[in-house]
Amino acid sequence: MEPIIKVEDLTHIYPTGQVVAVKDISLEINPGEIVGVIGQNGSGKTTLVKHFIGLLKPTSGKVIVNGKDTAPLRVQQIAANVGYVYQNPNHQLFARTVREELAFGPRNLDLPEDEVNARVEQAVEFFHLEELLELHPYRISFPLRKLVGMASIYTMRPAVFILDEPTTGQDNITTQTVYRLIKKLRDEGSTVLCVAHDMILLAEVVDRMLVLRDGDLIMDATPREVFSNYEIMSSTHLTPPQITTLSLRLREKYDAFDNVALSIDEMVSEVQKFSNK
Amino acid sequence: MQGVVIPISMVPGDSIIHRINPLPKLAWAFGVLVISFATRNPLILSTLFVVGVILILVAQVGNAYLKVAMILFPISLTLIVLQSIAPAFPKPWTPIVSVGPFTIFQEGIYSGISMLLRIFAMTTWAMLMIMTSHPSDIFTSLQKIGMPYVLNFILTMTLQLLPILQNEFAVVLNAQKSRAMKGSGFGAILPSMVPVFVGAIERVQQLSISLESRAFGSSGHKTSYRRVRMTFWDILLIVLGIVFTAGMTYWIIVDKSLDWSETMVFHPAFAIGLVVFATLGFLAFVVIALRNVLQA
């Protein structure tokens with residue numbers, strides 16, 4: 001299978017400073033993969049994913065999206081295939097009403113008006129935005145604004161969906177919407193990249209994790225492998241979900257536990273297996 | 001988020017000029033402003049401009065200054081064109097040459113050149129001051145000489161708002177591009193202006209809340225985190241600035257021979273060449289600027 005995103009020796013240095021934000025990273029992401037990107041603040045997560053839509057261009061190295069080198073392409077051209085949900089919704093929303101905001105993307109894709117409207121309706125239903133449609137995006141609360149940001153990309157149905165810290169500042173209900181979104185995108189066969197500090201979210205939804213530290217890609221593996229690697233976790237100051245930590249501790253103490261649990265359900269089944277012995 | 005952002009703010013550095021107290025710099029920038037408006041003499045204006053540029057080079061803020069000058073240049077070229085056919089001068093005007101319905105006047109060329117030099121002399125010195133002083137230092141120094149706190153705050157906030165607005169513009173443009181914004185030309189730029197201004201108003205609202213929640217407007221002596229020292233040399237520079245400005249202004253008023261509008265005669269070929277160059281130059285800048293904005 002041809003990878004949808006291919007990164008070759010990517011290095012990025014911001015023009016303002018001498019800081020190397022991303023150092024010599026190479027990786028491939030296949031269509032349909034759900035990938036988490038983790039690391040401390042300032043480790044280069046956002047810098048890395050901004051290259052996938054062309055908002056940043058490599059200082060050296062290559063980024064190939066959908067078979068095309070992004071360097072000569074304009075953001076507008078890449079955006080038809082790649083949707084980027086900003087970390088800060090204030091940087092993403094600009095229209096006068098939520099309805100216009102949701103329709104802006106699909107209109108730019110030259111879709112017929114009834115298709116645009118149908119997509120807006122679907123997004124409204126999925127994200128529960130019925131009450132907000134005619135409001136100015138700045139007049140609604142921050143968590144809802146973030147949902148509008150995701151919905152405005154969702155209406156474009158990009159092949160690659162990039163979420164930058166989708167659950168930061170969200171309450172329980174809106175977080176559940178993010179879970180539903182990622183699962184729906186997986187079912188539809190989209191590729192999803194999720195930059196997050198929310199390990200519980202990642203443990204549940206992603207198949208693969210990229211771990212960044214000071215601009216280096218230090219690990220590329222499944223969540224189970226990443227969370228079990230004590231060295232990687234402590235050197236990046238990240239902590240696995242509590243249930244995973246518990247399962248790791250229990251495995252250390254009684255080696256009868258076979259697998260590291262990523263969720264409560266997995267933990268329950270491990271305990272059952274243990275008690276049956 | 002770069003591209004359209006033009007930095008009209010401090011450029012950090014450690015040159016002699018950076019180390020001077022903001023007050024003498026302010027005094028000199030203001031002095032140059034007064035002199036520039038007092039005279040049309042090209043020699044005085046160009047001397048002020050050249051000295052300003054030398055100081056810019058000493059302060060090592062040449063790159064940032066060049067970006068500002070690049071914006072001023074096309075604007076100044078339009079002045080030459082407009083002035084040459086409609087001088088801001090008492091009539092009668094002396095015609096040099098007529099091209100179709102337009103007549104280029106002797107006073108027009110003189111006035112155009114002196115206005116261009118005047119703009120460059122003033123902005124060079126103003127930029128020198130802004131680019132080498134920390135905004136808070138300007139703020140504290142002005143307060144020391146009795147500028148009211150609120151007025152002072154308004155001034156510094158305005159100075160800081162400019163880069164913020166420029167940044168905001170880049171942010172909105174990026175957001176629209178990342179949703180496959182169509183179109184080119186002004187049609188594509190205009191829709192991003194609305195959110196920029198809405199965003200700016202939103203920001204001012206937030207600012208006023210955060211100001212009030214931190215006791216802005218309470219009475220009492222205000223202290224500053226940054227300390228500004230005033231040395232003997234700074235005071236000497238201020239005195240020199242005031243003496244220089246007053247002396248120059250006096251000389252300009254008294255010595256009528258400094259008005260060269262009659263004696264500096266322009267050859268018709270020079271006049272036509274200048275006007276054509278200015279027109280073409282302006283058009284070229286507009287085209288280049290538009291292309292840059294659209295490709296950014």
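What the Kirkwood sum gives for chain B is a hydrodynamic radius of 22.2 Å, with every pair of different alpha carbons counted.
Of all DSSP bridge pairs formed entirely within chain A, close to 50 percent run antiparallel.
Applying a threshold of 25 Å to the alpha-carbon distances of A:146/B:67; A:45/A:68; A:68/A:146 flags A:146/B:67; A:68/A:146 as lying beyond it.
Cross-link candidates for residue B:91: which aspartates and glutamates have Cα within less than 16 Å, leaving aside residues fewer than 8 places away along the same chain? Residue B:91 reaches B:107, B:259, B:262. Using the Stokes-Einstein relation with a Kirkwood hydrodynamic radius computed over Cα pairs, the translational diffusion coefficient of the protein assembly as shown at 37 °C and a viscosity of 0.692 mPa s comes to 115 µm²/s. Taking 13 Å as the straight-line reach from the Cα of residue B:25, the aspartates and glutamates in range (excluding those fewer than 8 positions away in the same chain) are B:137, B:234.
Summarising the amide proton neighbourhood of residue A:36: residues at separation of 5 or more, or on other chains, whose placed amide H is nearer than 5 Å comprise A:194, A:207, A:208, A:209, A:210.
Computed from phi, the 3J(HN,Hα) profile of region B:41-48 under the Karplus parametrisation 6.51, -1.76, 1.60 (θ = phi - 60°) reads 5, x, 5, 4, 5, 6, 5, 4 Hz, with x in place of Gly and Pro. Given a 10 angstrom Cα cut-off, can you work out which residue in B:221, B:18, B:267 is the most mobile in a GNM of chain B? Between B:221, B:18, B:267, it is B:221 that shows the largest mean-square fluctuation. Bridges between two residues of the protein assembly as shown, per DSSP, are antiparallel at a rate of about 55%.
Karplus-derived 3J(HN,Hα) values for region B:129-139, using 6.51 cos²θ - 1.76 cosθ + 1.60 with θ = phi - 60°, are 5, 5, 6, 10, 10, 5, x, 5, 5, 4, 4 Hz; glycine and proline are entered as x.
Taking B:122, B:248, B:230 in turn, the Gaussian network model of chain B (Cα-Cα springs below 10 Å) assigns the largest fluctuation to B:230.
Computed over the alpha carbons of chain A, Rg followed by Dmax gives 19.8, 63 Å. Between 0 and 90 degrees, rounded to the nearest ten: what's the tilt of helix A:113-127 against the longest Cα principal axis of chain A? With both axes taken from Cα atoms, the answer is about 30 degrees. Close amide H pairs (under 5 Å, H built 1.01 Å from N) link residue A:162 with A:83, A:84, A:85, A:193, residues at least 5 positions away or on another chain.
Distance between the C-alpha centres of region B:137-169 and region B:63-106: 34 Å, rounded to the whole angstrom.
For region B:120-128, the Karplus equation 6.51 cos²θ - 1.76 cosθ + 1.60, evaluated at θ = phi - 60°, returns couplings of 5, 4, 5, 5, 4, 5, 5, 5, 4 Hz by residue, with Gly and Pro reported as x. Taking A:25, A:182, A:140 in turn, the Gaussian network model of chain A (Cα-Cα springs below 10 Å) assigns the largest fluctuation to A:140. Of all aspartates and glutamates in the structure, the ones whose alpha carbon falls short of 12 Å from that of residue A:6, not counting any fewer than 8 places away in one chain, are A:28, A:69. Region B:35-56 and region A:1-28 have Cα centres spaced 49 Å apart.
Amide H to amide H distances under 5 Å link residue A:22 with A:12, where only residues 5 or more positions off or on other chains count and H is placed in the peptide plane.
Projecting the Cα atoms of A:18, B:181, A:244 onto the dipole axis of the protein assembly as shown, where Lys and Arg carry +1 and Asp and Glu carry -1 at the beta carbon, places A:18 farthest toward the positive end.
A short reminder: the numbers here are calculations on the coordinates, not readings from a lab. Quantities reported herein were computed from a predicted structural model and do not represent experimental measurements. Cβ sites come from the backbone with ideal geometry, for glycine too, and all protein chains shown count toward neighbours.
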